[in-house]
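The values are calculated or read from the model by the stated rules, or taken from the named source; none is laboratory data. Since we're looking at a predicted model, the values are computed, not measured. Every residue, glycine among them, receives a Cβ derived from its backbone with ideal geometry; neighbour counts consider all protein chains shown.
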Amino acid sequence: MTTGAFDFTDHSHRRYNPLTDSWVLVSPHRAKRPWLGQQEAAFKPDIPEY
């Protein structure tokens, strides 16, 4: 039997949430999902040159 590192992207696992004092089940493929959210450019304030 080989002992390898646990791969979080292939197996579901539980994580502790200290704010709610509970354990949360994490989906195994959540890291592989594509990002479909809005992307915005970084804010650049107009600073006058002196």
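Overview of results
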| quantity | calculated |
| --- | --- |
| Test: residue in segment 19-29 that is among the β-branched types (V, I, T) and surrounded by fewer than 10 Cβ atoms within 10 Å (Cβ to Cβ) | yes |
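Okay, residues lined up against (1) part of a loop (DSSP other than H, G, I, E, B); (2) modelled with pLDDT under 80; (3) touching a strand residue (DSSP E or B) at 6+ places or on another chain (Cβ under 7 Å):
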{"residue": "F6", "(1), (2), (3)": "yes, yes, no"}
{"residue": "R15", "(1), (2), (3)": "no, no, yes"}
{"residue": "T20", "(1), (2), (3)": "yes, no, no"}
{"residue": "L36", "(1), (2), (3)": "yes, yes, no"}
{"residue": "E40", "(1), (2), (3)": "yes, no, no"}
{"residue": "I47", "(1), (2), (3)": "yes, no, no"}
